[in-house]
Amino acid sequence: MLDIALKVLNIIEENGYEAYIVGGFVRDYLMKRKSNDIDIATNATPKQLMELFPNASTTNTFYGAVSIYYNAIKFEITTYRVEQDYQDMRHPNTVIYATNLADDIKRRDFTINAICIDKNGKIHDLVNGYEDIKKRKIRTIGDATVSFSKDVLRILRAVRFATTLDFSLTFEVEEAIRQTKYLLTNLSLERKKEELNKIFSSNNLQKGLDLLRDLGLDKELGLQRLSFVKNIKQVIGIWTVLEVDDLYPFTRNELQLMKEIRLAIKDNPLCSKTVYKYDLYVCSVALEIMGLGNKYLMDIYENMPIHKRSDIVIDSYDIINSLKIEEGPDLSTIWERIEEAILNKEVENNKKELLLFIKNVYSKLKERENETTTID
Ligand code: ATP
Ligand code: MG
């Protein structure tokens, strides 16, 4: 990956600009960790970059940056800039460009994120970031309280990096978080959720949860139920336990999933009827939340004669034709009985047996209806 990144730097430099790899890639490279994408800082403006890379897109999350794909690797190329106040607005319409790398480094969040690599592969470490990588420390560039007051998202980024890299926060960073955490109310719930998702999906989840609690961020973030989250690998499972459906922005799909996971917990996720109703995934998350492994879930799943309605060999037309009924509540009841009986292995999933079975079910249904009308 580094060789391809150096090629991109050289393309920019050959055109008379400066460019350095910076941020997560350098940090991960020094820690021998895998990176997904590469950040580049340059004195070329987005317009100039668009000329160098005609396929570059500016449909980016923040202004003054372009992203390109080069050899299938994603590069985020950002023009040198100075620190801006993000407090009221995370996405400013204007960016104040800086003329040199040193100024651009000063506006970055943590020392470990500000180490650069030049076009020859040489490391430039203006803020002693490598020392902090070796000490496994998250330290802000400049005064921590000032840094967090300028951009409160950095608080969550600090917790995120401490979690994913298994680093500790410097004393100064911890203190500054305690002093500035009230500013988190200014940060949009979308951004909070995005950063929390990164913490929640870490293999080192428990550390993230402990940090959020120890620093009192759980209250600031409206996550009062954080202590109920234990050993949950599925992020949606964590949100299910947190019960913040009405507070954080969730997609319709996520809301539905959380609802079903809760219902599956109530119903017993190790029962074939529950697995059939909500599916394997929902039940596996439900079991994880209950602190139970899903060792038996696969056995149950594999032993189920059907997993969804379309596995059943008859369809609604067969039922309507055979019983001479119309669509309506009777049809729904009959379907429910069929599913239940197949899952309970009272009847086989075979057309002849099922047609016989539904005749029986239907006549009992009618008998019962008659009884109730007589009593009435
Ligand atoms: P990841 O591994 O998630 O990509 P990253 O450190 O590369 O981690 P990005 O969000 O890609 O993080 O940002 C790239 C770089 O931009 C960071 O390393 C940091 O130098 C700088 N940066 C990003 N967000 C901020 C911020 N809120 N405040 C200051 N600097 C930031
Ligand atoms: Mg990055």
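Look at (1) free of Cβ contacts under 8 Å to residues at least 24 places away in the same chain; (2) open to solvent by 70 Å² or more (accessible area, probe 1.4 Å) and you find that Y278 fails only one, number (2). With the structure loaded, tell me whether L221 is more than 16 Å from the chain's Cα centre (by Cα), farther than 21 Å from E83 by Cα, crowded, with 22+ Cβ neighbours inside 10 Å and of a type in the set (A, V, I, L, M) or whether it fails that test. When the stated conditions are applied, L221 passes them. Restricting the first member to segment 249-267 and to residues that are charged (D, E, K, R), and the second to residues that are open to solvent by less than 70 Å² (accessible area, probe 1.4 Å), the beta-carbon pairs closer than 6 Å and six or more apart or on different chains are E260/Y278; E260/V282; D267/T274.
Evaluated against (1) closer than 24 Å to N197 by Cβ; (2) more than 13 Å from ligand 1 (Cβ to nearest atom), S147 falls short on exactly one condition, (2). Considering only segment 150-164, state which residues are of a type in the set (V, I, T), part of a helix (DSSP H, G or I) and open to solvent by 10 Å² or more (accessible area, probe 1.4 Å). Of everything in segment 150-164, just one residue is of a type in the set (V, I, T), part of a helix (DSSP H, G or I) and open to solvent by 10 Å² or more (accessible area, probe 1.4 Å), namely T164. Looking at Y17, Y29, can you tell me which residue is among the aromatic types (F, W, Y), within 16 Å of ligand 1 (Cβ to nearest atom), touching a residue at least 24 places away in the same chain (Cβ under 8 Å) and open to solvent by 20 Å² or more (accessible area, probe 1.4 Å)? One residue alone meets the criteria, Y29. If only residues of segment 182-237 that are polar (S, T, N, Q) and not in a loop (DSSP other than H, G, I, E, B) are counted, the one that is nearest to ligand 1 (Cβ to nearest atom) is N197. From the list I96, I105, I11, the one residue that fits, being more than 16 Å from ligand 2 (Cβ to nearest atom) and either crowded, with 20+ Cβ neighbours inside 10 Å or at pLDDT 95 or above (or both), is I11.
Applying the condition of being in a loop (DSSP other than H, G, I, E, B) and over 21 Å from K277 (Cα atoms) to segment 319-349 and asking which residue is most open to solvent (accessible area, probe 1.4 Å) yields K324.
Looking at this structure, is V22 within 12 Å of ligand 2 (Cβ to nearest atom) and over 24 Å from the mean Cα position of the chain (by Cα)?
yes
Within segment 32-55, the residues that satisfy the criterion of being open to solvent by 10 Å² or more (accessible area, probe 1.4 Å) and away from ligand 2 (no atom under 16 Å from the Cβ) are K32, N43, T45, P46, K47, Q48, M50, E51, L52, F53, P54, N55.
If you go through segment 116-149 and pick out every residue that is away from ligand 2 (no atom under 16 Å from the Cβ), assigned to a helix (DSSP H, G or I) and either of a type in the set (A, V, I, L, M, F, W, C) or open to solvent by 70 Å² or more (accessible area, probe 1.4 Å) (or both), you end up with 7. What number of residues in segment 247-287 are among the aromatic types (F, W, Y) and assigned to a helix (DSSP H, G or I)? Selection size over segment 247-287: 3. In segment 46-55, the qualifying residues are those that are over 19 Å from K119 (Cβ atoms) and in contact (Cβ under 8 Å) with a residue 12 or more places away in the chain, and the one that is nearest to ligand 1 (Cβ to nearest atom) is P46.
The values are calculated or read from the model by the stated rules, or taken from the named source; none is laboratory data. Only a predicted model underlies this, so the values are computations on that prediction, with no experimental measurement involved. All Cβ positions, even for glycine, are placed from backbone atoms using ideal geometry, and neighbour counts span all protein chains on display. Areas reflect the complete protein model, heavy atoms only, side chains present, ligands, DNA and RNA absent. Shrake-Rupley method; radii C 1.70, N 1.55, O 1.52, S 1.80 Å.
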